[in-house]
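Input: a single structure, listed below in structure tokens.
Please treat every number below as a calculation from the coordinates, not as lab data. Quick caveat: nothing in here was measured; it's all calculated off a predicted structure. Note that each Cβ is placed from the backbone with ideal geometry, even for glycine, and that neighbours are counted across all protein chains shown.
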Amino acid sequence: MELSPECALVLVDIQRDFLPGGARPVHRGDEVVAAANRMAAGFHAEELLVVLTRCWLPADHTHFEGQGGNLPPYCVQDTHGAEYADDLQVPDGAMVVSKGTSRDADPTSPFAGTDLAERFRAAGVKLLLVCGLATDAAVRQTVLDAIEAEFEVVVVADACRGFNKHVADSARAVEDMLRKGARIASSGAVQNALEAYAATH
């Protein structure tokens, strides 16, 4: 893997409600934080773009129980559960993209109803490195929509965790992403690429 100024790191929904003990917990979701921090710090040090997505849902979102959906309220705007994980270190100048901000808006993809694709293009970004929560939900949809928008995508697999309501859900999500053209890398490979990039810039 080689990095360039055309690369951006996308950290998907590393929020309290998706961590163990949250309203919609991802099993072992807290395990992504350390790798996310290392990569974000490396990208920031090299002045490469870091993007954080977040679910930012109104209390009457249609996904919620009592509003037409079947999920408990989670990541409701301006609540404790919607905040980023306590240990997540958000670099200065990182781009924050909120999704699901209106009652019936898509809470899984940061490209739906936003200008994110245009912002990436304006910044000269062509390759996205994606990780976070959850593999079988927002990570998958983020990757598929990025590919649809004609970005190259690398999924940092060891820095993702899934809901896995069914045992193979995350594996199927990875298969979907690969089939659509994504590549897979480890956070260690990203660190090596960052060190190589730093040595030449």
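Observations
- The order of ARG161, ARG119, ARG28, going from fewest to most other C-beta atoms within 10 Å of their C-beta, is ARG28, ARG119, ARG161.
- Selection from SER4, ALA41, TRP56 lying farthest towards where the dipole of the stretch 1-67 points positive, charges on Cβ: TRP56
- Counting only alpha carbon atoms, the long axis of helix 187-199 and the longest principal axis of the chain meet at about 40°.
- Ellipticity at 222 nm from helices only: DSSP H runs of n ≥ 4 in the chain, each -39500 (n - 2.57), divided by the residue count, give -8000 deg cm²/dmol.
- Take the chain and mark each of the GluC sites (Glu not before Pro) that is in a DSSP loop with at most 12 other Cβ atoms within 10 Å; the longest unmarked stretch, sites excluded, is 48-149.
- Between helix 33-45 and the chain there is an angle of about 50 degrees, using the helix long axis and the longest principal axis of the Cα atoms.
- Dipole magnitude for the stretch 1-77: about 260 debye, using +1 per Lys or Arg Cβ and -1 per Asp or Glu Cβ, origin at the Cα centre.
- In range of the label at ALA149: residues from the stretch 32-69 whose backbone nitrogen is under 17 Å from the point 7 Å along Cα→Cβ: 49-56
- Label point distance in nm, GLU83-ASN70, each placed 7 Å from Cα along Cα→Cβ: 3.3 nm
- Note on the chain: antiparallel DSSP beta bridges, both residues inside, total approximately 5 percent of the bridges counted.
- The stretch 7-199 - percent relative contact order, Cα under 8 Å, separation 6 or more: 24 percent
- Placing +1 on each Lys and Arg Cβ and -1 on each Asp and Glu Cβ, with no other charges, gives the stretch 7-199 a dipole about its Cα centre of roughly 360 debye.
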